[in-house]
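Okay, structure first, notes after.
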Amino acid sequence: MEHIIGIRIINLDEVDSTNEYAKRIAPSSPEGTVVVAGKQTLGKGRRGRKWASPEGGLWMSVVLKPEVDAADMPKIVFIGALAVVDTLQEFGIRAGIKWPNDVWVDGRKICGILTEGKLGKFVVLGIGLNVNNEIPEELKEMATSMKLILGREVDLGRVLKILLGNLDRWYRSFLKDGSSVISAVKERCFVLGRRVRVVEDGGELIGQAVDIDESGALILETSKGSVRLFYGDVSLRF
């Protein structure tokens, strides 16, 4: 079976942001085009936050053009999270998903995922994975890398190859049946069953994270009843 993701790979030494570059070329690029950069000068996370992207990390974006309902689009961020968790597992690292778009290991963030695009045209799935890059001193309590966990440098090319294979597998699964992606995320999401604080535009909510529904929303049981959340920053430390 011919793969979708990785049909074309663009390697850049340096770029402002792989997501921005991918968005610029997406209209004229085949689905599955991957942009990889040695470092980003303007790497970003959710809500435009800066994402440190020095040399040694895996900074990449994938151009996707799925023919699915708009309601299924939020699930694409989960494809990245699942692929990263499976990739880390192949290196002996046990990771979990922090809804909606982070991958953590032992209480520290190792990967951030960001989806952007134009509805009905394309989606860009961006992944920033800490591999051999140095973690800034001020972030060491909150972030980690494959190198820190394993105590050695990791072959970046091997990480990319394995990740592309996992992304392709999960993307195919998503196109076939989006519910399979939700089931897998629920198995790997470590916030479920725990008391959390969720910060969103309208303020903050505190409650028990009890489920992720078929739309990808987090179900939070609060003192005022059940709430469905489609985005927000989840914290276990409060």
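The values are calculated or read from the model by the stated rules, or taken from the named source; none is laboratory data. Computed from a prediction, not measured in an experiment: that's the story for all the values here. Cβ coordinates were reconstructed from backbone atoms using ideal geometry, including for glycine residues, and neighbour counts include every protein chain displayed. What goes into the accessible areas is simple: the full protein's heavy atoms, side chains included, and nothing from ligands, DNA or RNA. Shrake-Rupley method; radii C 1.70, N 1.55, O 1.52, S 1.80 Å.
The table below gives the values:
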| item | result |
| --- | --- |
| Relative contact order %, the chain, counting alpha carbon pairs below 8 Å whose residues are six or more apart | 16 |
| Low-density loop cleavage sites - trypsin sites (Lys or Arg not before Pro) in region 48-118, where at most 13 other Cβ are within 10 Å (DSSP) | R49, R94 |
| ³J(HN,Hα) computed for each position of region 209-214 - Karplus, 6.51 cos²θ - 1.76 cosθ + 1.60, integer Hz, glycine/proline x | 6, 9, 6, 10, 7, 5 |
| For region 159-238 and region 126-141, distance of Cα centres in Å | 22 |
| Cut-off under 5 Å, modelled amide H: who pairs with K98 long-range | V103, W104 |
| Qualifying GluC sites (Glu not before Pro) for region 171-236 [loop in DSSP, other Cβ within 10 Å: at most 15] | E214 |
| Region 102-150 - Kirkwood radius from inverse mean 1/r over Cα pairs (Å) | 12.0 |
| Restraint check, K147/K186; K121/K147; K140/K176; K65/K147; K23/K224; K65/K109, Cα-Cα greater than 31 Å | K121/K147; K140/K176; K65/K147; K23/K224 |
| With every protein chain in place, region 88-166: carbon and sulfur % of accessible area (1.4 Å) | 48 |
| Accessible area per residue in Å² at 1.4 Å probe, computed on the chain | 48 |
| Peptide ranges 123-130, 136-143 listed from the most packed, as the mean C-beta count within 10 angstrom indicates | 123-130, 136-143 |
